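Here's the structure, in structure tokens; my notes come after.
The values are calculated or read from the model by the stated rules, or taken from the named source; none is laboratory data. Keep in mind that this is a model prediction, so the values were computed, not measured. Positions of Cβ are backbone-derived with ideal geometry, glycine not excepted, and every protein chain shown enters the neighbour counts. The accessibility values were calculated without ligands, DNA or RNA, using every heavy atom of the protein model including side chains. Shrake-Rupley method; radii C 1.70, N 1.55, O 1.52, S 1.80 Å.
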Amino acid sequence: MFSGLSTLFLILSGMEFLIGILGNVFIGLVLCSECVKNQKTSLLDFILTGLAISRISQLLVYFLQSLIMGLDPQVFAIFKLAKPISLLWRISNHLTTWLVTCLSIFYLLKIAHFSHSLFFWLKWRMNRVILGMFAFSLVFLILDILLLETFSDLFWNLINEGNLTLAESKTHYIKNEILLSFSYFIPIGLSLLTLLFLFQSLVKHTRNLQLNFVGSRDFSTKAHKRAMKMVTSFLLLIMVHFLFIQLASWMFHRFLDNKFTKFILLVLYVFPAGHSFMLILGNSQLRQIALKVLKHLKSSLKRQNPLDL
């Protein structure tokens, strides 16, 4: 029999999972249909589609963990089952973080204005730069997987052989987690730099407008502010997400069947679910199609219930 807390946890996990899947599947279907219709795809559509796919996989991993946590948390103590789950967790989080960083850099190169020759060179080769950075992130992913494999095997062998005390196992685990978390610092740092450069470009652009006595109806200023909102929302969400990932890794190791562990897992859904809806609202094409879908659903409901006012 399930406890009331486990039942509530599974219900909330299921609701967050469905909300996240709905937003990301919508993004993927719209962009894929546009690609088929136009027989081509833009760099932005490629990033958003890849991001939607990686987030769907991320949500599936989280939901699998939620099911295990709600049904039988002791499964995480079985190395043969915990190892592939940890690997999938690592891959999905890595790809999602780097793809959103690529999106932030796309906004910077597309919108910002700088007179430096290096910026012009990057802007002119924007497609190659972003695709090259994504390929570079895959190298980091391979190194991450190799480190995770090595540390996991070594850690479990030392525990099984009885060569580690409880205090030593904690210290060893924390050191491994710190080393593995370094791969998150690079994309987060790049996104922070992107936000700073966007702000600097906006300040410079606003100053030029004031000197030239241009009115407030300026599309570049609006684009700067919209991009800054998108990057800022990502940074806030990813920092909270990163913090709770580290907490979750520690809690899974020490306290499997714990109320706080369940709460952490529920919070992890916020980033892949919430940011997808921010992208829909921030993208004019996705926003317009979403409004059309909502209007169509509203009219369908009215036709089914003609007596309702």
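Filtering S249, S201, S220 for residues that are among the hydroxyl-bearing types (S, T, Y), modelled with pLDDT of 80 or more and either assigned to a helix (DSSP H, G or I) or surrounded by 17 or more Cβ atoms within 10 Å (Cβ to Cβ) (or both) leaves a single hit, S201. Applying the selection to the range 257-274, what residues are modelled with pLDDT under 80 and of a type in the set (S, T, Y)? Listed by number, the list holds a single entry, T261. Contact map, the range 282-299: first residue at positive phi, second residue loosely packed, with under 10 Cβ neighbours inside 10 Å and not in a helix (DSSP H, G or I), Cβ cut-off under 9 Å, separation 6 or more or different chains; the map is empty.
When the range 62-83 is filtered for residues that are assigned to a helix (DSSP H, G or I) and either modelled with pLDDT under 65 or open to solvent by 70 Å² or more (accessible area, probe 1.4 Å) (or both), the ones remaining, listed by number, are L64, L71, P73, Q74, V75, F76, A77, F79, K80, L81.
The residues of the range 36-45 that are part of a helix (DSSP H, G or I) and within 23 Å of the chain's Cα centre (by Cα), listed by number, are L43, L44, D45. Listed by first and then second residue, the pairs linking a residue in the range 114-135 that is within 30 Å of N208 (Cα to Cα) to a residue that is among the hydroxyl-bearing types (S, T, Y) and open to solvent by less than 60 Å² (accessible area, probe 1.4 Å), with Cβ atoms under 8 Å apart and 6 or more places separating them unless they lie on different chains, are F114/S201.
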